[in-house]
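Enquirer: Structure in structure tokens, see below.
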Amino acid sequence: MLYIKEIFIMILLAFVIAGNLTDVIYDYREGASVGHLVIELALVLASLVLITILSLGIWKESRSNRKLKAELLSISRKPSASQSPTLLAAKHDLGKVLQTQFQEWCLTHTEKEVSLLLLKGLSFKEIAAVRNTMEKTVRQQASSIYKKAGVGGRHEFSAWFIEDIL
């Protein structure tokens with residue numbers, strides 16, 4: 001996933017650190033008060049803490065995204081041994097129905113992928129992570145899907161496929 005905002009903030013904080021450390025050295029040589037030096041060093045320390053927090057957040061989210069991708073891949077590749085042949089056949093048939101309907105709606109390949117992830121219940125943020133794109137892009141793709149399907153949103157989109165079954 002893209003972490004443009006976080007990386008930009010980390011770069012800004014790195015400049016703050018470099019600038020303040022340079023200033024501390026200059027001020028120390030010029031005989032600045034201890035209080036002034038402590039304040040500038042506290043700014044450096046606070047910037048280091050913020051960089052650490054942002055780095056940990058990126059690391060945790062990346063780990064979570066890798067786990068989500070692996071789960072989606074394992075679900076789509078192998079059927080569960082506990083599933084009955086009837087359920088497996090129904091899933092296969094539903095897959096055919098979905099693909100046929102996606103073609104009738106003239107969805108692009110990308111929109112088909114996003115549609116399946118929407119139907120699986122993933123959030124826009126999760127879909128963006130799985131597809132290595134921005135959340136805003138996923139929202140735009142979802143809007144295009146809903147428009148082509150003639151529905152008002154995610155719930156209507158999901159309901160379109162199951163309303164006649166229930």
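The values are calculated or read from the model by the stated rules, or taken from the named source; none is laboratory data. Remember, it's a predicted structure, so these values are computed and weren't measured experimentally. All Cβ positions, glycine included, derive from the backbone under ideal geometry; neighbour counts span all protein chains shown. What goes into the accessible areas is simple: the full protein's heavy atoms, side chains included, and nothing from ligands, DNA or RNA. Shrake-Rupley method; radii C 1.70, N 1.55, O 1.52, S 1.80 Å.
Enquirer: What order do Leu48, Leu72 take when sorted by accessible area (1.4 Å probe), most exposed first?
Expert: Leu48, Leu72
Enquirer: As an exercise, take the mean of 1/r over every pair of distinct alpha carbons in segment 17-62, invert it, and state the Kirkwood radius in angstroms.
Expert: Result for segment 17-62, one decimal place: 11.7 Å.
Enquirer: Measure off 7 Å from each Cα along the Cα-to-Cβ vector at Trp105 and Phe8, then give the distance between these two points in nanometres to one decimal.
Expert: Here the answer is 3.2 nm between the modelled labels.
Enquirer: With a 1.4 Å probe and all protein chains in place, put Met10, Met134 in order of accessible area, largest first.
Expert: Per-residue accessible area, sorted high to low, gives Met134, Met10.
Enquirer: Continuing with this model, one more query. Can you sort Tyr26, Tyr146 by 1.4 Å-probe accessible area, starting with the largest? It would help to have the intermediate numbers written out before the result.
Expert: Numbers: Tyr26 135, Tyr146 25 Å².
From most accessible down to least: Tyr26, Tyr146.
Enquirer: If you add up the charges near Glu6, with Lys and Arg at +1 and Asp and Glu at -1, over every other residue whose beta carbon is less than 13 angstrom from its beta carbon, what do you get?
Expert: That sum, taken over residues with Cβ under 13 Å, equals +1.
Enquirer: Moving on to the next point. What number, in percent, do you get for the relative contact order of segment 80-156 if the mean sequence gap of Cα pairs under 8 Å and at least 6 apart is divided by its residue count? Working shown, then result.
Expert: Values: 34 pairs, mean separation 19.6, N = 77.
Computed over segment 80-156, the figure is 26 percent.
Enquirer: When the chain is fully extended, how far beyond the present Cα-Cα distance does Lys67 get from Glu113, taking 0.36 nm per residue of separation?
Expert: That pair, Lys67 and Glu113, stretches by 14.7 nm at full extension.
Enquirer: Putting +1 on Lys and Arg Cβ atoms and -1 on Asp and Glu Cβ atoms, find which of Ser158, Thr133, Leu119 reaches farthest to the positive end of the dipole of segment 113-166.
Expert: Thr133
Enquirer: Note down the relative contact order for the chain as a percent, whole number, built from C-alpha pairs under 8 angstrom at least six residues apart.
Expert: Numbers: 86 pairs, mean separation 39.4, N = 166.
Relative contact order, the chain: 24 percent.
Enquirer: Now a separate question. Calculate the tail of P(r) for the chain: the fraction of all Cα-Cα distances greater than 23 Å, expressed in %.
Expert: 59 percent
Enquirer: Might you report the magnitude of the Cβ-based charge dipole of the chain about its Cα centre, with Lys and Arg at +1 and Asp and Glu at -1, to the nearest 20 debye? Can you show the working numbers first?
Expert: Working: 20 positive and 16 negative charges, 143 e Å.
I would put it at about 680 debye.
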